[in-house]
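Worksheet: one structure, shown below.
Read-outs: derived from the displayed coordinates by stated rules, not from any lab. Just so you know, these numbers come straight off a predicted model, no measurement behind them. Don't worry about glycine lacking a Cβ; one is built from the backbone with ideal geometry, like all the others, and counts go over all protein chains shown.
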Amino acid sequence: MRRFAFIIGAALPLIAANSAMAEVVVIRIEAKRGSEAAEATAQGWRAQFPDVVTFPLADGWIGIALGPMPREAATARLSELKGQNRVPADSFLSAAAGRELMQIGPAGDDPAAEDSPTTQDAVPDGGAGSPSIFPSDATGAGSVTGMGATPATTPGAEDEPPPPVEPAAPAGFFIRISSTADRQQAEETLAEYRELLPEAGLWTLPNGRLVVALGPYDEAAAGAWLAAFKNARAIPRDAFVVPGAEIGESAIAGDTPQAGTLEGAGSQPMPPLEDVQRALRWAGRYDGAIDGKDGPATQAAIAQEILRQRASPDAALAMRDLIRRREAWRDEIGLTQLQDAHTGLALPAPMDRLQFDRSERALSIYGPKDGSGAALILFSQPGGQQEMLDLAGLVTALGWVPQPQRQVAQGSVVLDGRNQTHIGHAEGRVVDGRVQGFVLIWPIADAENQHRLSAEISDNLARFAPGAGETAPETPAIAPAVPGN
């Protein structure tokens, strides 16, 4: 086997004559660990292609490629070869600048003829012993042939190109998520992860495998986000952090991830869990009880909030940020404490958009203010499960919750429905022998605030005093059934 060692950066003056200083690349087709395995594999490729080269990679791996050649020619050639199934489907273009490429000659050549040159052999004379440097054919097809004597250059001469610069490894640390040797599978996997992690990118390792990864981060942030993403089940349990020097070359660029804050991580206590649960419900992450218990549903909701917002990988810091955002929203939308004397119910309500309209039997009705399109109905009357269901039927019959989906349990009912203009949400509960609850009607164009307001009212609805009708016989909104009729 005959091998010729050369560094592409030193050949730039010759390249200029043929390719107008085009970028020089190779077509990476394979990689092997160890020189013997690489040489044997390269000889197999040499039987098909005359321009096979090898070059060292990290950790003892050796790349096998075709070239070198201008990028434009390489792009066309790679497309043709893939179309003919003559090279692996995950073959790709790689910059040649700065690489020590070793040309693979026909099997059986005496390596000593080139590996141990005599003084006379070392003098370029245009003969067979001159090293091949770049394809001389105008098509850039990639065959490496002899070009005669290499022009002599004097160090420091004005026309001498700068020394080749090895591409710098990416700075920082990366979260390595998955890897595969198949390009199509790698791209499909990347698309799946980008649904939750839109900043993910695809990288090519020195051995040719492709990895989905996130980064760069600094080292502390990489470790913290690795744990946070695993807690949220957004990445596999075997994902791990690698330094930039081990991530390879970018194949499909990702975005720099939002690292959030780590200042104070581990030193700030978790806010009271009831406050955390209310904030999580407001954010749409949690639909369990507001009970202050650190159960699986609460932990899963915390992990999802961390994943979605990226305020901080630290749970306490992230929950403090969520609570601050909720309080800012409450101020912005004008939530104030409403105490309704007719029903005896107290709750937070957006009174900038509501005004009292009337009371009817066990109902208090607040209509839209200044054309807001909002309405709120409160109800409270003696009764149990049946009276609660009767009230739910009334809400539906009056069209306050159009075409509702019903969730009925012992002691509670929830109705959700919408039409082209409004969203209706109603909740009823049996509490201490009374049926109490609310209906919120809100413009469909503001669905996010509708959901948040429903959660705020549901979590904070409470009785502050007896209703107006409790000191005298009260006429219920729906009269109870008379036994025997």
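Numerical summary
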item: Sequence of SER372, SER94 once ranked by neighbouring C-beta atoms within 10 Å, starting from the fewest; result: SER372, SER94
item: Mean-position separation - Cα centroids, the stretch 29-106 and the stretch 326-376, in angstrom; result: 72
item: Difference of contour (0.36 nm per residue) and Cα-Cα distance, GLN355 to GLU199; result: 51.6 nm
item: 15 Å reach of a label modelled at ILE444, 7 Å along Cα-to-Cβ, counting backbone N of the stretch 385-416; result: 400-405, 416
item: Listed residues LEU202, PRO170, VAL241: farthest to the positive end of the dipole of the stretch 170-249 (Cβ charges); result: VAL241
item: Proximal lysines to LYS230, defined as alpha-carbon separation beneath 24 angstrom and excluding residues fewer than eight positions away on the same chain; result: LYS293
item: Ascending count of other beta-carbon atoms within 10 Å, so fewest first, for GLU30, GLU305, GLU188; result: GLU188, GLU30, GLU305
item: 12 Å beta-carbon shell around ASN231, net charge (K/R +1, D/E -1); result: +1
item: Calculated log₁₀ intensity ratio I(q)/I(0) where the Debye formula runs over C-alpha points of the stretch 247-396, q = 0.16 Å⁻¹; result: -1.02
item: Candidate lysines - alpha carbon under 26 Å from LYS82, same-chain residues fewer than 8 apart omitted; result: LYS32
item: Principal semi-axes in Å for the stretch 173-252 [√(5λ), Cα gyration tensor, largest first]; result: 19, 15, 10
item: Reference-scaled alpha-carbon Rg (2.2 N^0.38 Å with N residues) for the stretch 335-471; result: 0.97
item: Average Cα contact separation per residue, the stretch 157-293, under 8 Å, 6 or more apart, as relative contact order %; result: 28
item: Residue order, fewest to most surrounding Cβ atoms within 10 angstrom, among LYS230, LYS32; result: LYS230, LYS32
item: Estimated distance in nm for a label pair at GLU192 and ASN419, the labels positioned 7 Å out from Cα along Cα-to-Cβ; result: 4.4
item: For the stretch 273-332, size of Cβ-based charge dipole, Lys and Arg +1, Asp and Glu -1, in debye; result: 160
item: Calculated FRET value between GLN407 and LYS230, using beta carbons and R₀ = 25 Å, to 0.05; result: 0.15
item: Gyration tensor (alpha-carbon) shape descriptor, the stretch 273-332, a/c threshold 1.5; result: oblate
